[in-house]
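The values are calculated or read from the model by the stated rules, or taken from the named source; none is laboratory data. Here the structure is a predicted model, which is why all the values come from computation and not from measurement. Virtual Cβ from ideal backbone geometry, glycine too; neighbours counted across all protein chains shown. Protein only, heavy atoms only, side chains kept; ligands, DNA and RNA dropped before computing areas. Shrake-Rupley method; radii C 1.70, N 1.55, O 1.52, S 1.80 Å.
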Amino acid sequence: MPTLLEALEEKYGMEPDDKEEHVEEEVLVSIFVPKLPPRQSTPQLLILNDCNIDRAGEPEDLKKKCRIVKELDLAQNKLNNWNEVFVILSHMPRVEFVNLSLNHLTGPIQKPPVTKMDHLRNLVLNNTKLEWCSVEKLLRLLPALEELHLSLNEYTHVLIDTVNSAATSGDAGGDGPAAEEGLPAASNNNAKDDESTTATTSHSTPEDTTMMSSCSCSSPSSTSHPADQQKPADTTTVEPPPLQTDPHGGVRKLHLTGNYISEWGEICRIGRVFPQLEALVLADCPLRSLKPTDPQGNENEEESHKYFQNLKLLNLSNAKIDSWEDIDRLADFPSLCNVRLQYWPLWARTDSTTEHERRQLLIARLPNISILNGGDTIGAVEREDAERSFIRHYLDKPDAERPRRYYDLIGVHGQLDPLVNIDLRPERKVKVRFTFEDQAIERTVDVNRTVSDLKSRLERIFEVPAARMRLYYVDQDFRDLQGLEEMKYPHKVLYSYNIRSGDEIIIERKVKS
């Protein structure tokens, strides 16, 4: 398999000396095109995805070629060792964006580099099966990180937190990652971490190294499967306590799409670790509620939004939420203004019969939301219409079924009267008087039928062949002004004559010429 350097030279050209060997001896036409040598021609956006890269390559050559790279895409390669990743990044001092998706980076970060990567702002680690202990180490190494992608990593729990869960859980054995590094559970000092890691590596035997090859805070994702989420929990399996870490004040956007996290209490850990979080994407996660509970099952409503003071965007599409109370909890997030709430089980059983009615109910319940499900910005007129519709929706409901938002809106708009149901559609069936010679009868007529169909029905009543029949329409209100109107077009629909109950149709027999 090629190294990154070999893949780079293959995609962006060979060395000048190598090119001269392929120059034709006789050149009839020469066109001089100035070109930078390969070591200077590497673009700032370097895309080498799906190139089977498994190693960095010659350090000096890599350093010369990649020193100006700002964005690096190495998705879907064969990288499986974090040391190789760090070697690559150490030769790209300006890199700000790195995509390592679909590389098998499950192994722990045993010996991270001494220096931090102060320019890296966006890191994509989708479908890498990265363990949480490695996430925690990366956060320490990336102080400038603003956007982190951890989608499709099969996480069932969030195993990092700012709370010392290991101590409070009674795990005196010290099996957490902090204990493995030789640190107290509450310690997150970077220098101490580097020293302890170096010391452990330098004094460990081959057997010790083998034991360290598996991360002690191993995520349950390494053995879990989506189908397992439907099975009862195995009481013999104990989740390791979350690794205590320092809050990371830089991360603004976090993507966790397609993981198997189902409890909001796990998401609260995310809020504690990233207190400045502004966008959180949890699409395709089977969250059952936004109501967190402690290990004893006690509920704490404040915990739902307490750790998300700066959150502006929240994507919960395809969650398993089936309660309007969870919509009300979203209204408590102080900065939230953009939400996606599509494809919930709640919508399958909602009382609303149309998409428009559902949107109105959501807008009325969420006073701070300005963008709903990716639509246009909610204007003042749409919001007022939605709130008034919301009040009328609950007018006939008992008090026990009325949410607290109903009473808030009553204070804004007052007690509204029900809307009068006015049907402006034309009557489908009308009663018409039919006159033929000295006969006169009344019949109910479907105005959606044609003149030809009407003649066929009158044929059986007055015994006049339809082909020999002439019809004249008489409007009861304009009889004296406009007289008779012949209905001579067989395929014309009756409602086009504006026929109403009480009008008259006169039948005449055609005279043979």
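Can we say Asp480 is touching a residue at least 60 places away in the same chain (Cβ under 8 Å) and of a type in the set (D, E, K, R)?
Against the criterion (touching a residue at least 60 places away in the same chain (Cβ under 8 Å) and of a type in the set (D, E, K, R)), Asp480 does not qualify.
For Pro206, indicate whether it is outside the structural domain of Asp118 (by the TED database), at pLDDT 95 or above and open to solvent by 20 Å² or more (accessible area, probe 1.4 Å).
no
Please determine, by comparing only the residues of the range 463-505 that are farther than 20 Å from Asp438 by Cα and small (Gly, Ala, Ser), which one is most open to solvent (accessible area, probe 1.4 Å).
Ranking the qualifying residues of the range 463-505, first place goes to Ala467.
Just to verify a result, which residue in the range 329-356, among those that are closer than 15 Å to Ser370 by Cα and polar (S, T, N, Q), is surrounded by the fewest Cβ atoms within 10 Å (Cβ to Cβ)?
Looking at residues that are closer than 15 Å to Ser370 by Cα and polar (S, T, N, Q), I get Ser335.
Determine if the range 386-399 includes at least one residue that is charged (D, E, K, R), surrounded by 12 or more Cβ atoms within 10 Å (Cβ to Cβ) and under 25 Å from Gln309 (Cβ atoms).
no
In the list Asp376, Asp332, which residue meets the criterion of being out of contact with any strand residue (DSSP E or B) (no Cβ under 7 Å at 6 or more places or on another chain), over 24 Å from Leu254 (Cβ atoms), among the charged types (D, E, K, R) and not in a helix (DSSP H, G or I)?
Exactly one of Asp376, Asp332 is out of contact with any strand residue (DSSP E or B) (no Cβ under 7 Å at 6 or more places or on another chain), over 24 Å from Leu254 (Cβ atoms), among the charged types (D, E, K, R) and not in a helix (DSSP H, G or I), namely Asp376.
Mind listing just one residue for me: the one in the range 304-328 that is among the basic types (Lys, Arg) and modelled with pLDDT of 95 or more and, of those, most open to solvent (accessible area, probe 1.4 Å)?
Lys320
Scan the range 32-45 and tell me whether some residue there is modelled with pLDDT of 65 or more, at negative phi, assigned to a loop (DSSP other than H, G, I, E, B) and out of contact with any helix residue (DSSP H, G or I) (no Cβ under 6 Å at 6 or more places or on another chain).
Taking every residue of the range 32-45 in turn, at least one turns out to be modelled with pLDDT of 65 or more, at negative phi, assigned to a loop (DSSP other than H, G, I, E, B) and out of contact with any helix residue (DSSP H, G or I) (no Cβ under 6 Å at 6 or more places or on another chain).
Give the number of residues within the range 132-146 that are open to solvent by 20 Å² or more (accessible area, probe 1.4 Å) and under 25 Å from the mean Cα position of the chain (by Cα).
The total comes to 1.
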